[in-house]
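Undergrad: This structure is in structure tokens; I'll ask about it shortly.
Laboratory data are not the source of any read-out in this text; all were calculated from the coordinates shown. If you're wondering where the values come from, they're calculated on a predicted model, not measured in any experiment. Here the Cβ positions follow ideal geometry from the backbone for every residue, glycine too, while neighbour counts run over all protein chains shown.
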Amino acid sequence: MTAKLSSTLTPFARRVLSVVSRIPAGRVATYGDIARRAGRPGAARAVGNIMRTARRPGLPYHRVIASGGQIGGYGGNVQLKISLLIAEGHVIRRRRIAGFLNKRW
DNA sequence: CCCATGACCGTAT
DNA sequence: AATACGGCCATGG
């Protein structure tokens, strides 16, 4: 018998996480980008909330950054986020991803 | 249903 | 470049 394994996530949250899971390594997407791809352009702030809340192992949360190539948050550990981004080949300058426009998903 | 939150965003100082 | 504001929006209490 199939038990109820569906997460408690709302439909929107599921779409958001689904989109995030598809961001290729070496590329980045802004909260606004995610919102747009999830079908809710303008819900960038809400996306941030979902990132903060939904802890789903394996998803590349670090590839979701703020507008203009700024770093954004990472559950209180922005340093780790920066490290992960650098590990994927990015260069951070003055709190921003260098050449952001070309690495944007 | 109303209200407070906040890993946001664009514009103006 | 840094800070301040107002606007936006999906959640959860």
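Undergrad: Helix A:11-21 against the longest principal axis of chain A: what's the angle in degrees, Cα atoms only, rounded to the nearest 10?
TA: The angle comes out at about 40 degrees.
Undergrad: Put +1 on the Cβ of each Lys and Arg and -1 on the Cβ of each Asp and Glu in chain A; which of A:Trp105, A:Pro41, A:His90 then has its Cα farthest toward the positive end of the dipole?
TA: Result: A:Pro41.
Undergrad: Continuing with the same structure: Treating only the Cβ atoms of Lys and Arg (+1) and Asp and Glu (-1) as charged, compute the dipole magnitude of chain A about its Cα centre; round to the nearest 20 debye.
TA: The dipole of chain A has a size of about 160 debye.
Undergrad: Evaluate the relative contact order of chain A (contact order divided by residue number), counting alpha-carbon pairs under 8 angstrom at least 6 apart; express in whole percent.
TA: Working: 121 pairs, mean separation 28.3, N = 105.
After rounding, I find 27 percent.
Undergrad: Now for a separate question. Report the full-extension gain for the segment A:Phe12 to A:Trp105: residue separation times 0.36 nm, less the Cα-Cα distance, to one decimal in nm.
TA: 31.5 nm
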